[in-house]
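Accompanying notes for the structure given below.
The values are calculated or read from the model by the stated rules, or taken from the named source; none is laboratory data. Please read all numbers here as calculations on a predicted model, not as lab measurements. Methodologically, a virtual Cβ is constructed for each residue, glycine included, from the backbone with ideal geometry; neighbour enumeration extends over all protein chains shown. Surface areas here come from the heavy atoms of the whole protein model, side chains and all, with no ligands, DNA or RNA. Shrake-Rupley method; radii C 1.70, N 1.55, O 1.52, S 1.80 Å.
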Amino acid sequence: MTWLTDHKLPVGDWAAAVFDWMQANLGFAFDALAAFMEGLIDAILWVLQTPPPLLVIAVFVALTYALQRSWKVALFVALGFLFILNQDYWEETTESLTLVLSACVVCMAIGVPIGIAAAHRPRLYAWMRPVLDLMQTLPTFVYLIPAIVFFGIGMVPGLIATVIFVLPAPIRLTQLGIASTPTALREAALAFGATPRQTLWKVELPYALPQIMAGLNQTIMLSLSMVVIAALVGADGLGVPVVRALNQVNTSLGFESGFIIVVVAIMLDRILRMERKR
């Protein structure tokens with residue numbers, strides 16, 4: 001037993017060496033990535049905060065009705081946003097929505113193509129699976145350390161940590177949807193002379209759309225679960241009052257901000273529910 005502890009594998013030292021090398025040699029890449037992320041965050045934040053709140057609420061309600069064709073769900077979304085406005089959490093909510101929407105854009109843009117490639121190459125997916133498991137099971141606080149080292153404090157490191165934690169969801173669900181396409185459908189498309197690209201766009205993606213939309217829904221929910229953790233690295237949003245309430249042992253503030261997060265999560269789930277059923 002003593003021999004094992006005396007010959008400890010330097011896992012932490014290896015990880016630190018890798019991060020030091022990346023910081024010394026890939027600084028330009030991290031700067032470019034930070035600039036892109038910051039521009040995306042600023043653009044979405046400007047769209048959500050510049051117009052009057054009631055106009056933004058009206059747009060979300062119209063979008064909900066267009067997707068679900070249900071006045072009850074649209075009314076629920078309207079009441080949810082009005083409740084947020086009544087509680088004076090509009091600015092924090094739009095900041096959290098900015099983080100969630102930014103994570104959705106990045107994760108879906110990366111995850112869907114990777115999921116398609118993994119579905120067409122089983123060996124690639126077999127190699128990726130332990131990496132995806134590691135990304136989802138590694139404590140999320142661990143992601144904050146390199147995020148701070150590479151990107152400093154603010155919304156960008158919070159977004160990076162969120163993307164790393166959330167990315168496996170769209171990859172897995174896209175791969176599942178494409179891989180589960182019935183062989184008969186593929187064979188029928190090939191019999192009619194479809195190219196691999198046509199088979200992908202006209203057969204596999206339409207069949208996998210429910211799974212892809214489920215991946216989008218999971219991306220949104222997991223991103224929203226990261227708002228409190230992202231607040232620890234300086235990200236604005238609903239996580240800030242939660243952390244403040246924890247530091248002050250303020251039950252009232254903690255319940256208020258936590259309940260607002262629940263309301264936002266339920267609204268986003270209802271907005272996407274119809275798309276997921278298609």
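Residue pairs whose Cβ atoms lie under 6 Å apart, separated by 6 or more positions or on different chains, with the first residue in segment 190-202 and touching a residue at least 12 places away in the same chain (Cβ under 8 Å) and within 16 Å of residue 121 (Cβ to Cβ) and the second part of a helix (DSSP H, G or I) and open to solvent by less than 100 Å² (accessible area, probe 1.4 Å), are 199/189. The single residue among 91, 95 that is part of a helix (DSSP H, G or I), open to solvent by 50 Å² or more (accessible area, probe 1.4 Å) and at negative phi turns out to be 91.
The sole residue among 149, 105, 131, 142 that is in contact with a helix residue (DSSP H, G or I) (Cβ under 7 Å, 6 or more places away or on another chain), within 23 Å of residue 16 (Cβ to Cβ) and surrounded by fewer than 17 Cβ atoms within 10 Å (Cβ to Cβ) is 149.
Condition test on residue 180, is it without any contact (Cβ under 8 Å) to a residue 24 or more places away in the chain, open to solvent by 20 Å² or more (accessible area, probe 1.4 Å) and hydroxyl-bearing (Ser, Thr, Tyr)? No: the conditions fail for residue 180.
Checking the stated criteria, residue 172 turns out to be crowded, with 19+ Cβ neighbours inside 10 Å, of a type in the set (D, E, K, R) and in a helix (DSSP H, G or I).
When restricted to residues that are in contact with a Leu (Cβ under 8 Å, 6 or more places away or on another chain) and in contact (Cβ under 8 Å) with a residue 40 or more places away in the chain, segment 77-118 contains 22. Screening 197, 186 for residues that are open to solvent by 40 Å² or more (accessible area, probe 1.4 Å), out of contact with any helix residue (DSSP H, G or I) (no Cβ under 8 Å at 6 or more places or on another chain) and assigned to a helix (DSSP H, G or I) leaves exactly one candidate, 197. Only one entry of 78, 24, 43, 32 meets the criterion of being within 15 Å of residue 93 (Cβ to Cβ) and either in a helix (DSSP H, G or I) or among the charged types (D, E, K, R) (or both), and that entry is 78. Which of the residues spanning segment 232-246 are within 20 Å of residue 167 (Cα to Cα) and modelled with pLDDT of 85 or more? Within segment 232-246, none qualify. Residues that are in a helix (DSSP H, G or I) and either at pLDDT below 90 or within 30 Å of residue 254 (Cα to Cα) (or both) are absent from segment 113-121 altogether. Look at residue 254 and say whether it is over 24 Å from residue 136 (Cβ atoms) and not in a helix (DSSP H, G or I). Spelling it out, it is not the case that residue 254 is over 24 Å from residue 136 (Cβ atoms) and not in a helix (DSSP H, G or I).
Scanning segment 28-58 for residues being in contact (Cβ under 8 Å) with a residue 12 or more places away in the chain, under 22 Å from residue 149 (Cα atoms) and open to solvent by less than 60 Å² (accessible area, probe 1.4 Å) gives a total of 5.
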